[in-house]
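First up is the structure itself, then whatever we jot down about it.
The values are calculated or read from the model by the stated rules, or taken from the named source; none is laboratory data. This is a predicted model, so every value here is computed, not measured. Please note: Cβ atoms are built from the backbone with ideal geometry, for glycine as well, and neighbour counts cover all protein chains shown.
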Amino acid sequence: MPLLDWRDARHFDASRDLPCVLCHRPTSMRSHDREPVHKVCAEEWCDQNPTSDRFHS
């Protein structure tokens, strides 16, 4: 699976870190649905769930 392209500034929240929905460590990254999630965590989740589009933008 290709890496997620999260270069758009909407994937970054400079105002606060929230717990990642997958690993629960703080992150300023946000999915396209504004879920707090590390890009690496999201890519691993996508690899394990190839039919889902949960973290794709």
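Kindly indicate whether Arg30 is farther than 14 Å from His56 by Cβ and of a type in the set (Lys, Arg).
On the way: farther than 14 Å from His56 by Cβ: no; of a type in the set (Lys, Arg): yes.
Criteria not met by Arg30.
Among the residues of segment 24-38, write down those that are assigned to a loop (DSSP other than H, G, I, E, B) and surrounded by 17 or more Cβ atoms within 10 Å (Cβ to Cβ). Step through it out loud before you land on a result.
Here is the first cut: in segment 24-38, the ones assigned to a loop (DSSP other than H, G, I, E, B) are 24-25, 28, 31-35, 37-38.
Residues satisfying the conditions are Ser31, Val37, His38.
Give me the pairs, please: first residue somewhere in segment 39-56 and in a loop (DSSP other than H, G, I, E, B), second residue anywhere and at pLDDT 90 or above and of a type outside the set (Asp, Glu), beta-carbon distance under 6 Å, and either six or more positions apart or on two chains.
Pairs that qualify, where the first residue is in a loop (DSSP other than H, G, I, E, B) and the partner is at pLDDT 90 or above and of a type outside the set (Asp, Glu), are Phe55/Ser31; Phe55/Ala42; Phe55/Cys46.
A quick yes/no check of all residues on (1) modelled with pLDDT of 95 or more; (2) touching a Ser or Thr at 6+ places or on another chain (Cβ under 7 Å); (3) not hydroxyl-bearing (Ser, Thr, Tyr):
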residue	(1), (2), (3)
Arg7	no, no, yes
Leu22	yes, no, yes
Thr27	yes, no, no
Pro36	yes, yes, yes
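Across segment 5-23, what is the total count of residues that are assigned to a loop (DSSP other than H, G, I, E, B) and either surrounded by 11 or more Cβ atoms within 10 Å (Cβ to Cβ) or touching a residue at least 40 places away in the same chain (Cβ under 8 Å) (or both)? So that I can check it myself, show each step before the final result.
Quick first cut of segment 5-23, residues assigned to a loop (DSSP other than H, G, I, E, B) only: 5-8, 13-17, 20-23.
So of that shortlist, the ones also either surrounded by 11 or more Cβ atoms within 10 Å (Cβ to Cβ) or touching a residue at least 40 places away in the same chain (Cβ under 8 Å) (or both) come out as 5-6, 8, 13, 17, 20-23.
Here the count works out to 9.
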